[in-house]
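Engineer: Provided herewith is a single structure, encoded as structure tokens, for subsequent inquiry.
The values are calculated or read from the model by the stated rules, or taken from the named source; none is laboratory data. Since this is a predicted model, take the numbers as computed values, not measurements. A quick note on method: Cβ atoms are made from the backbone with ideal geometry, for glycine too, and the neighbour counts reach across all protein chains shown.
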Amino acid sequence: MSQKLIPSVCIDAVFEGKPVTEACATVKNAGINAIEFWGWWDRDLDALEAARFQNELALSACCTKFISLVDPSTRDDYLKGLEESIAAANKLGTKTLISQVGDFRPGVSREEQHQCLVDGLKLAAPMLEAGNVTLVIEPLNDQVDHKGYYLVRSDEAFEIIDQVASSKVKVVFDIYHQQISEGHLIHNITANIDKIGHFHAAGNPGRHELQRGEINYPEIFKAIQQTDYEGYVGLEYWPMDDQPVESLSEVANWLA
């Protein structure tokens, strides 16, 4: 039986400031077979690919360019950046692009910004379908980490997915962010699992190891395993332990 939940390590967070060769080797040593990272456009992709292939690591996801989707004046720039990101994803061999949506625009109604986001994603959908890539939009918390960000709650994110109505546009459900923004995690995840294309996870408070803090990750993962979701859980946190192999291995066991 294939594994339903596959751990993936965000090397830009867990191994911030460390060489990609060290990051990839440590991920492999922890018994994890996938990585993800943020911007493909501002890093040495040749070095990353060499380290990835040397350690036989899959690439679960990377980001599209950080351009607002709630501002119609930047929509063309967003779509151009998405076109470039789809090409990069195909070259790198990943099927998932993570997208933030931009900050709330003061003086503009939330309804107008919501519709702008939906309209932009509807234009993006045919590009994604042609490139066989799934775009996952990311709600973030605005209390601790991303003050001013537009998309905070998962219910609005799921409503957007319903309105766009493309199998190639889904949500990345960041369990850390949504614990801060709304709680009620297991219900919100399992009731909307068909709209989720990727997960992120970190401990709260602090955004450290999953073993630290108030979130009961083994129970959350057990609930996800009982759904139809099959895919990656991205471990996106800043470790307190400078030797993260043991904590990464433990989380991999939770997901097995």
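Engineer: Six or more apart or on different chains, Cβ under 8 Å: which pairs go from a residue in the range 60-82 that's under 30 Å from Ala34 (Cβ atoms) and in contact (Cβ under 8 Å) with a residue 12 or more places away in the chain to one that's assigned to a loop (DSSP other than H, G, I, E, B) and small (Gly, Ala, Ser)? Could you list them?
Structural biologist: Ile67/Gly102; Ser68/Gly102; Leu69/Gly102; Tyr78/Ser68
Engineer: Filter the range 83-138 down to residues that are under 25 Å from Ile193 (Cα atoms) and either touching a helix residue (DSSP H, G or I) at 6+ places or on another chain (Cβ under 6 Å) or of a type in the set (A, V, I, L, M, F, W, C) (or both), then give me how many there are.
Structural biologist: Final tally of qualifying residues: 22.
Engineer: Do we find that Val118 is without any contact (Cβ under 8 Å) to a residue 60 or more places away in the chain, among the β-branched types (Val, Ile, Thr), closer than 30 Å to Glu56 by Cα and surrounded by 14 or more Cβ atoms within 10 Å (Cβ to Cβ) in this structure?
Structural biologist: Answer is no for this residue.
Engineer: Separate question: Looking at Leu48, Leu82, which one is among the hydrophobic types (A, V, I, L, M, F, W, C), part of a helix (DSSP H, G or I) and closer than 26 Å to Glu111 by Cα?
Structural biologist: Of Leu48, Leu82, the one residue that is among the hydrophobic types (A, V, I, L, M, F, W, C), part of a helix (DSSP H, G or I) and closer than 26 Å to Glu111 by Cα is Leu82.
Engineer: Additional query: Would you check if Glu56 is over 21 Å from the mean Cα position of the chain (by Cα) and exposed (fewer than 14 other Cβ atoms within 10 Å of the Cβ)?
Structural biologist: It is true that Glu56 is over 21 Å from the mean Cα position of the chain (by Cα) and exposed (fewer than 14 other Cβ atoms within 10 Å of the Cβ).
Engineer: What single numbered condition from (1) crowded, with 23+ Cβ neighbours inside 10 Å; (2) touching a Pro at 6+ places or on another chain (Cβ under 9 Å) fails to hold for Ala51?
Structural biologist: Result: Ala51 fails condition (1) only.
Engineer: Which residues, counting only those in the range 18-36, are buried (at least 23 other Cβ atoms within 10 Å of the Cβ), assigned to a strand (DSSP E or B) and not acidic (Asp, Glu)?
Structural biologist: Ile35
Engineer: What residue, of Leu59, Leu82, is of a type in the set (A, V, I, L, M), under 23 Å from His200 (Cα atoms) and touching a strand residue (DSSP E or B) at 6+ places or on another chain (Cβ under 7 Å)?
Structural biologist: Step by step, each of Leu59, Leu82 is checked, and only Leu59 is of a type in the set (A, V, I, L, M), under 23 Å from His200 (Cα atoms) and touching a strand residue (DSSP E or B) at 6+ places or on another chain (Cβ under 7 Å).
Engineer: Now for a separate question. Return yes or no: is Ala88 at pLDDT 95 or above, within 30 Å of Gln115 (Cβ to Cβ), touching a His at 6+ places or on another chain (Cβ under 9 Å) and not in a loop (DSSP other than H, G, I, E, B)?
Structural biologist: Numbers: at pLDDT 95 or above: yes; within 30 Å of Gln115 (Cβ to Cβ): yes; touching a His at 6+ places or on another chain (Cβ under 9 Å): no; not in a loop (DSSP other than H, G, I, E, B): yes.
Considered against the rule, which asks whether it is at pLDDT 95 or above, within 30 Å of Gln115 (Cβ to Cβ), touching a His at 6+ places or on another chain (Cβ under 9 Å) and not in a loop (DSSP other than H, G, I, E, B), Ala88 comes out as no.
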